Amino acid sequence: MFKNFCNMFLKKQLMFMVTAVVSLTSLAITAKSAKSAVLTLSNDNSIVAFDPNLSVNSANNGLILWTVDDVNQLFQNQFWYRIGSQDKESPINTLNLIHLDQSQPGDKQISATYAGSGFEIALDFTLDGDSQGSSRSNLFENIAIKNTSSDKLDLHLFNYTDFDLNDNGTQDTAKIGSNKAEQFNQFTWATEVIEPKATYYQVSPVSTILDALEDNTSTTLNDLPSLLSSGDNAYAFQWDFTLDPEKSFLIKNYKSLKSVPEPTIIPALVGLSSLMLLCCLRRWWFFRKKSKSEYSDHTFEVYY
């Protein structure tokens, strides 16, 4: 518990520094070396920070910041892997970083490739922001795992995400299924859609999944379509697959952020719908009375 508290405290400090540097100096870091520090993607109203290297603090690995209209929404998004069923999981940045590309500082796209013994994992991130003040942003993640050995590869990949919506995840509600996860509070709605479907998935109070990935035993997510409300939650997808030599496994992730409609809008929409219904009923009643009056002077014969 103390370790998690320290990790979160240090992570908040890092997010503050990255945000401050980006805001004040229009941060521009060129990704020419596989030993670069934290990199940033920026587009319109959005900024994402990515640390491709292994940090002493595990909370600083992978995607560690996603600000939309100067408000941070993400605590961490990181990929973990395991070979076979007996070994423990490891974050992918424990592998050798063999390729890192961001053509120009501050661009909206970053690619990173990691190599293990007989396999490679390539990540490609593309940020698609929106107009200032819209509270909307999209992040596309393409993951390619290739077997570079002459033997079959039994690989397990985990996509771990910890949103802290509006920089405070304590009031978030989260739910998950085999190909979609959602997390929201009264202001912001986060959605992630994946392809192909996950073999297993899980949503839990924050640090539950991360602790399982960091221990010394193999992990299988609980595969329950859970719904957790009013808490600091995290979720993960797990893919289990076997690759023949020189074959690849491709995953597409689409994350989006948008604002939740103001509560006052809902009663207004209900009121407008009620008014329209009332007008329709009045018109119907008017024509009904008119129709009846037209036939009131006629005599009808009824036959049995």
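The values are calculated or read from the model by the stated rules, or taken from the named source; none is laboratory data. Quick caveat, the model's predicted, so the values are computed rather than measured. For neighbour counting, all protein chains shown are included, and Cβ atoms are generated from backbone atoms with ideal geometry for every residue, glycine included. These area figures cover heavy atoms from the full protein model, side chains too; ligands, DNA and RNA do not enter into them. Shrake-Rupley method; radii C 1.70, N 1.55, O 1.52, S 1.80 Å.
Can you sort THR40, THR148 by solvent-accessible area, 1.4 Å probe, largest first?
Sorted descending by solvent-accessible area, the residues read THR148, THR40.
Across the Cα atoms of the range 36-104, what radius of gyration and what greatest pairwise Cα-Cα distance (Dmax) are found, in Å?
Spelled out, the Cα radius of gyration and Dmax of the range 36-104 are 13.9, 45 Å.
Which pairs in the list LYS108/LYS258; LYS152/LYS258; LYS88/LYS146 are over 30 Å apart, alpha-carbon to alpha-carbon?
Flagged as over cut-off: LYS152/LYS258.
Mind ranking ASP154, ASP51 by accessible surface for me, highest first, 1.4 Å probe?
Sorted descending by solvent-accessible area, the residues read ASP154, ASP51.
Using alpha-carbon positions, what is the distance between the centroids of the range 132-198 and the range 34-64, in Å?
Using only Cα atoms, the two centres lie 16 Å from each other.
Using a 1.4 Å probe and ignoring any ligands, DNA or RNA, find the accessible area of HIS99 and quote it in Å² to the nearest 10.
90 Å²
Is there a quick way to get the dipole size of the range 193-265? I mean about its Cα centre, with the Cβ of Lys and Arg at +1 and of Asp and Glu at -1; what is the value in debye to the nearest 20?
The dipole of the range 193-265 has a size of about 360 debye.
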